[in-house]
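Everything below concerns the one structure shown next.
The values are calculated or read from the model by the stated rules, or taken from the named source; none is laboratory data. All values derive from a computational prediction rather than experimental measurement. We place every Cβ from the backbone using ideal geometry, glycine too, and count neighbours over all the protein chains shown. Remember, those area values only see protein heavy atoms, side chains included, never the ligands or the DNA or RNA. Shrake-Rupley method; radii C 1.70, N 1.55, O 1.52, S 1.80 Å.
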Amino acid sequence: MGNIKKKSEKSTKKMKQSQSRIYPVRFVFVSFFIVLGIMFFSRFWIESTYSKEDWGQMYYTYLLDRKEEIVLPEESEEHTIKFYSVKEVENPVMVLGYQINGKQYANVYFIAEKKVNSIVYEKPVDIEFLYNMEKNEGDYYLHMYHEEEEFFESISHEIKERVEDSVIDKEHPRYEYIFSEDDRTTVKDMFGNVVSFSESEELLLKLDLEEIEGLRFSLDMDSQKLRETIKNSIQNYELENKSIQNELEEKIEKKSEEVQNRKKEVAQIKSSNSKEKNSVLSTYKKLRGVWKEENGDFYIEFTTKKNKKWFNSGWFSSGKYISGYITDFKKTGKSMYQFTVSSEKWNIDVSKIKKKKIKIGNITYIYIKKS
């Protein structure tokens, strides 16, 4: 405002006389421009906040002015916003995540040709930082499941395809990596522990990085709240990138070693199970026949009927006996085996089977004849 000059008494008196008539009009007029000025200044200040981050301002403007273009289903919840740094993409990628029935979904936004472009995924998708052992580089990947297959697509590869190919086949998308259940090996050791290994785990290492969760987001946010949310998201983005770079080498080495050890463990259990299976089959063949209690009249019998292993026991002369097929027969120790009949478990010591003797509990049985 310019310098304020002193008024003469005459002009001051005149002004006071006319002030009562024009005050209401002036108040409305001035109030309008004050509100307009505040709105303009607020908008200008918000946008100028991102003068150092052009991509931040572009995303801010997009979210503020083009809400009708953003697809967030009515039934969706837990909306979040997060920025990612991906390979071969100049500006960070923005992801709006949400959940439907506990499953994670994501809309990916990227800057190309000086505008914000979107990729909307209609099926559940996880975004994971994975280290590609084939390419020797880390990147963010889209991880999806369908029936008995899992799909991996790096965000950078997806964006590259979108930019270069104007026609995308949504019915038959081209994924970088596809793995089926046949690519996973699951085994159970002699103690019942389940160990599994997939080729996807060996190729794409999922590192134990401390990733920062996305911030809560809503399309109903006012400009100031949106500004704060994007500002904090950019700070998280910078912190996460710095953290990943600092931990990357150590985490790769540790995870690679862990995966290779599990791969070896699975192979060893498979080999052991194969030997155990052969041992079990061989032992059962030796058990087949009728065995009599060494100092009594109780009999047991191992036989095979209709490709099933059967166990009979009792006092056959009296007609009192039990009979049932064996649902499980396994090795539990050096010379110890266990089999299950009607949920009842029996433990057999076969250390003296070559001498035609076996032991169940504290009772010794001697071999009598074939079934």
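Annotations for the structure displayed:
- Euclidean distance of C-alpha centroids, segment 104-125 and segment 210-226, integer Å: 16 Å
- Near-label residues of segment 62-95 by backbone N, under 20 Å of a point 7 Å along Cα→Cβ of D165: 87-89
- Cα-projected label distance for Q245 with Y175, points at 7 Å along beta-carbon direction, nm: 3.2 nm
- Cross-link pairs exceeding 25 Å between alpha carbons, from the set K305/K331; K264/K345; K264/K285; K206/K331: K264/K345; K264/K285; K206/K331.
- The share of accessible area on segment 55-179 that comes from carbon and sulfur is 42 percent, using a 1.4 angstrom probe.
- Sorted peptide list for 227-236, 298-307, criterion being average Cβ within 10 angstrom, highest first: 227-236, 298-307
- In this structure, the residue pairs whose Cα-Cα separation is over 29 Å, taken from K263/K306; K160/K263; K87/K251; K263/K355; K123/K263; K135/K275, are K263/K306; K160/K263; K263/K355; K123/K263; K135/K275.
- Percent accessible area from carbon and sulfur atoms, segment 240-286, protein chains only, probe 1.4 Å: 45 percent
- Using the 1.4 Å probe convention, the accessible area of segment 67-197 works out to 58 Å² per residue with neighbouring protein chains retained.
- Approximating the spin labels as points 7 Å out from Cα along Cα→Cβ, the S256-to-Q224 distance works out to 5.2 nm.
- Residues in segment 223-324 average 64 Å² of solvent-accessible surface per residue, probe 1.4 Å, ligands and nucleic acids excluded.
- Proximal aspartates and glutamates to K292, defined as alpha-carbon separation beneath 13 angstrom and excluding residues fewer than eight positions away on the same chain: E301
- Modelled FRET efficiency - R0 25 Å, E68 with L215, Cβ distances, 0.05 increments: 0.65
- Sorting 352-360, 85-93 by average packing, meaning the other beta carbons within 10 Å per residue, from highest down gives 85-93, 352-360.
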